[in-house]
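Below you'll find the structure, written out as structure tokens, and then a few comments.
The values are calculated or read from the model by the stated rules, or taken from the named source; none is laboratory data. What you see is a predicted model; the values in this text were computed from it and never measured. We place every Cβ from the backbone using ideal geometry, glycine too, and count neighbours over all the protein chains shown. Surface areas here come from the heavy atoms of the whole protein model, side chains and all, with no ligands, DNA or RNA. Shrake-Rupley method; radii C 1.70, N 1.55, O 1.52, S 1.80 Å.
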Amino acid sequence: MLVVTLLLGTASLNAISNLSGRLDTAINKTTRKIELIDAVGSARSDMLAAQRGVVMFTFGKSPEGAEKAKRLFESAGQRWAESLSELRPLLVTDEGKQLTSQLEASLMAWRAAFEEIGEFCSRGNPEAGLKITLEKGVPIYDAAGKDTDR
């Protein structure tokens, strides 16, 4: 009877320990992953607003506003990159790792497109900046949204 009780007690402690580990993973790691991908989504929205702002302020002949929008884009892009850097070590699935790589590539492509937009706008050609926004920036925004949703 004593041996059976000891075996059951040991099995119970082992089960509780496994549950504790799973709970820790669910609470700490999974929640942190959700927070980080939400930060990417927020940065993505800020980058779109900044992109539109640069074009709009250039049309409105407000270089101060365009410069402020550029700073917003840069800071949002930095938040995006930092969130992905912190997220990468938490990922365990191949799909998650692949999506993170896609998001990094999207960020680099968007930064390049934004550089083109800024170049056209700084030369006083917001029409060309708007064209790049619609042809390159918005599709990157949409694709990154699908990746963050997954």
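For a quick check, take a GNM of the chain with Cα springs below 10 Å and name the residue from R111, R123, R88 with the largest mean-square fluctuation.
Result for the chain, Cα springs under 10 Å: R123 fluctuates most.
Could you do me a favour and compute the accessible area per residue for the chain, 1.4 Å probe, result in Å²?
Each residue of the chain exposes 63 Å² on average to a 1.4 Å probe.
Output the pairs from K97/K131; K29/K97; K61/K146; K68/K131; K33/K131 with a Cα-Cα distance over 27 Å in this structure; if there are none, say none.
K97/K131; K61/K146; K33/K131
Connecting C-alpha atoms closer than 10 Å in a GNM of the chain, tell me which of A43, A66, A128 has the biggest fluctuation.
For the chain, modelled as a Gaussian network with Cα springs under 10 Å, the answer is A128.
Over the Cα atoms of segment 37-103, what radius of gyration and what Dmax do you get, in Å?
Values for segment 37-103 (Cα only, Rg and Dmax): 14.9, 49 Å.
With just the Cα atoms of the chain, tell me how far they stretch along each of the three principal axes, in Å, largest first.
89, 26, 17
If you place +1 on the Cβ of every Lys and Arg, -1 on the Cβ of every Asp and Glu, and leave all else neutral, what size is the dipole of the chain about its Cα centre, to the nearest 20 Debye?
The calculation lands at about 140 debye.
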